[in-house]
């Protein structure tokens, strides 16, 4: 999947404990790297979270970022999935000014994008949309003439598309027998083999 300009998508499996996000963000700050977006949430594995980081830079910069992330003790594994076939989504909440006279037109636009109206007030509506960044931007552009009061975006989340060989966004997972691999990933942490 092509990236926007020099944006690259990294996925990291990290320990789910206080301070990990601060350490990751501090590493970026110390090294002078720019984070375009950052999304973190619990993973399918107990005690681990998955972090999607979109970084700006050339291939050498991204390789350096990946190496620096991998050195952090709380980071189990980092993958640059920029050149893989990936599924990318982002969530946005958009509060748009609305009146009784233009509400129908806004609803039609929202329905075209398969978005949802999650709140309606006397002077505004809150719209929820999930999709690729271009889709969210297109909806925003169409709603802008009505008056955008507020917008919140989660940032990109991504994973490798389903493959017949069972690949995942990182090499951490369980094989069909649940056995662990004894190989390391460069930071002293054992990996779980994916087959």
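The numbers here are math on the coordinates, done by the rules we state, and not lab data. What you are looking at is a predicted structure, and each value in this text was computed from that prediction instead of being measured. Glycine gets a Cβ as well: all are built from the backbone with ideal geometry, and neighbour counts include every protein chain shown.
Counted by neighbouring Cβ atoms within 10 Å, the residues 44, 128, 133 run from fewest to most as 44, 128, 133. The simple Förster model, with R0 at 35 Å and r as the Cβ-Cβ distance, assigns residue 93 and residue 27 a FRET efficiency of 0.75.
Using the Cβ-Cβ distance between residue 152 and residue 102 with R0 set to 25 Å, the FRET efficiency works out to roughly 0.65.
Would you work out the relative contact order for the stretch 7-83, in percent, from Cα pairs under 8 angstrom that are 6 or more residues apart? Worked out over the stretch 7-83, it gives 47 percent. Residues 14, 88 in ascending order of nearby Cβ atoms (within 10 Å, fewest first): 88, 14.
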